[in-house]
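The values are calculated or read from the model by the stated rules, or taken from the named source; none is laboratory data. Since the model is a prediction, treat every value here as computed from it, not as a measurement. Here Cβ is always computed from backbone atoms with ideal geometry, including for glycine, and neighbour counts include all displayed protein chains. To get the accessible areas, we keep the full protein, side chains included, count just its heavy atoms, and leave off ligands, DNA and RNA. Shrake-Rupley method; radii C 1.70, N 1.55, O 1.52, S 1.80 Å.
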Amino acid sequence: MERARFAIKAGRIIDGTGRSPIERGVVLVDGERIAAVGREIDVRIPQDVEIIDCAAQTVLPGFVDAHSHASIVPGLGDQIGQLRQPPAPQILRAVQNLRSDLRSGVTTMRVVGEEHFIDVDLRETIAAGRLPGPRLLVATRPITARNGHGAALTFSDGEEEIRRHIRENVAGGADLIKLFMTGGVSSKGTAARWYAYTPHEVQVAVDEAHRNGKPVAVHAHGGPGVAICIDAGVDTIEHGKLCDLEDFVAMRKRGTWLVTNNAVSGHPDGIEKGDAHVPSIMAKLKESRETSRQTFRFVLESGVKWALGTDSMHGLLWWEIAKVVEWGADPHDAILAATRRAAEAIGMGSEIGSLEPGKVADVISVDGDPLDDIGCLERVGVIVQGGRRRDTLSAQ
Ligand SMILES: [Zn+2]
């Protein structure tokens, strides 16, 4: 394959570093990497390169979805039941889901829990260029207690099973370890503040994962389980929808990331659509919705490092960004939570998440100025992933 060189001319560049936008800028792509970024008058564009004209658009780093699943569609209901299915129906859903994720400008996604190791196969197929989708980091089978949230086909009770399943996951190709600590919204039996694992079991999981060089992402909404996980040294707390200010301050002090999400509980196509007939789930959904805005205030107030994910609301990362802006986040900061900070949260900050020379060329354009109108992030135009156009069939 010939090495592609092209220049994207942008009306405005938000480069993901946090610096002020660059007006009338250029991103020069050489092969899979970014060669130069700057103002049009400062970047020398070689004569023979193709120009992609985004003069009427804003150019950004490709989005990073820090928490999703490949095979789940929340609107179909019974998410855990979806994970209990045989591989074929799950993969068929995943192919569609990952396509719409990529179309929404998500060039990298962290998949935090699948059965049958289908996420490893999906990651490899996408990396080989045979399936359109975000570049994936995968957790494979979640570590969850028999009576825990997320308990689909694989259960890990006690030190021995936790260690064995983490080792099997690593051997099977896991990039990270996902552990379910507290209850969740989308399962029938678990209260969101209840927690499954003893401090010793969490510590065992963290030690086993870290000894293997794998970060630990923990599903936790709130209650005492959160502090246990922070103390044990987990890398990211996922959701944190019922955390209080104290929890977030503890995370900030320890350097623990928060990866949060709102669409699955707040968007009409999420749990509301899929599980409307299950009263216990609807009750938890109601509480989650009522507390979400206040919880997000605690996030901002605490100074905890936070990033965004969609939790299987495929194609809706823009909605996640818009929602936190509605709740008081600065638009530029919210964009960083789905670009550079999301990349850092998943351990890829040196490779992706911002438009800087030497980084992987993941670049998108949106129709409008998101600092003025955050909803324009839905209108994605150009999509470049690893230096290759993904928004035009002919260029694939
Ligand atoms: Zn999830």
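Once the range 1-24 is narrowed to residues that are of a type in the set (A, V, I, L, M) and at pLDDT below 95, the residue that is most open to solvent (accessible area, probe 1.4 Å) is Met1.
Restricting to the range 122-146, what's the tally of residues that are farther than 24 Å from Asp78 by Cα, among the β-branched types (Val, Ile, Thr) and open to solvent by less than 30 Å² (accessible area, probe 1.4 Å)? Residues flagged as farther than 24 Å from Asp78 by Cα, among the β-branched types (Val, Ile, Thr) and open to solvent by less than 30 Å² (accessible area, probe 1.4 Å) within the range 122-146 amount to 1. Taking the conditions exactly as written (at pLDDT below 95, more than 16 Å from the ligand (Cβ to nearest atom) and farther than 20 Å from Leu76 by Cα), does Glu208 satisfy them or not? Here the answer is no, as Glu208 does not meet what is asked.
If you go through the range 254-270 and keep only what is outside any helix (DSSP H, G or I) and either touching a His at 6+ places or on another chain (Cβ under 8 Å) or within 20 Å of Ile80 (Cβ to Cβ) (or both), you end up with Val259, Thr260, Asn261, His267, Asp269, Gly270.
Out of the residues in the range 178-197 meeting the condition of being open to solvent by 60 Å² or more (accessible area, probe 1.4 Å) and at pLDDT 80 or above, tell me which one is farthest from Ser156 (Cα to Cα). If you could, list the steps in order and put the result at the bottom.
Our first condition is that a residue be open to solvent by 60 Å² or more (accessible area, probe 1.4 Å); within the range 178-197, this holds for 188-189, 193-195.
Checking the rest, the ones that are also at pLDDT 80 or above come to 193-195.
Numbers: Arg193: 20, Trp194: 17, Tyr195: 14 Å.
If we take residues in the range 178-197 being open to solvent by 60 Å² or more (accessible area, probe 1.4 Å) and at pLDDT 80 or above, then Arg193 is farthest from Ser156 (Cα to Cα).
Of the residues making up the range 25-37, none is in contact with a strand residue (DSSP E or B) (Cβ under 6 Å, 6 or more places away or on another chain) and modelled with pLDDT under 95. Only residues that are hydroxyl-bearing (Ser, Thr, Tyr), more than 16 Å from the chain's Cα centre (by Cα) and open to solvent by less than 10 Å² (accessible area, probe 1.4 Å) were counted across the range 331-382, and they come to 1.
Results for (1) assigned to a helix (DSSP H, G or I); (2) surrounded by fewer than 21 Cβ atoms within 10 Å (Cβ to Cβ), shown as yes or no for each residue.
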{"position": "His219", "(1), (2)": "no, no"}
{"position": "Ala227", "(1), (2)": "yes, yes"}
{"position": "Glu246", "(1), (2)": "yes, yes"}
{"position": "Met251", "(1), (2)": "yes, no"}
{"position": "Glu272", "(1), (2)": "yes, yes"}
{"position": "Met282", "(1), (2)": "yes, yes"}
{"position": "Gln294", "(1), (2)": "yes, yes"}
{"position": "Asp311", "(1), (2)": "no, no"}
{"position": "Ala329", "(1), (2)": "no, no"}
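Scanning the range 69-81 for residues that are over 17 Å from Lys178 (Cα atoms), in a helix (DSSP H, G or I), in contact with a helix residue (DSSP H, G or I) (Cβ under 8 Å, 6 or more places away or on another chain) and open to solvent by 10 Å² or more (accessible area, probe 1.4 Å) yields Gly75, Leu76. Residues considered: Val27, Val37, Val111, Val64. Of these, the only one that is in contact (Cβ under 8 Å) with a residue 60 or more places away in the chain and either open to solvent by 50 Å² or more (accessible area, probe 1.4 Å) or within 16 Å of the ligand (Cβ to nearest atom) (or both) is Val64.
Do we find that Lys241 is basic (Lys, Arg) and in a helix (DSSP H, G or I) in this structure? Answer is no for this residue. Across the range 41-53, the qualifying residues are those that are open to solvent by less than 60 Å² (accessible area, probe 1.4 Å) and not in a strand (DSSP E or B), and the one among them that is nearest to Thr17 (Cα to Cα) is Val43. For the range 147-168, the criterion of a residue being open to solvent by 10 Å² or more (accessible area, probe 1.4 Å) and within 20 Å of Ala307 (Cβ to Cβ) is satisfied by no position. Against the list (1) in contact with a helix residue (DSSP H, G or I) (Cβ under 6 Å, 6 or more places away or on another chain); (2) within 16 Å of the ligand (Cβ to nearest atom); (3) of a type in the set (Ser, Thr, Tyr), the condition Ser354 fails is (2). Scanning the range 229-286 for residues that are acidic (Asp, Glu) and within 14 Å of the ligand (Cβ to nearest atom) gives a single hit, Glu238.
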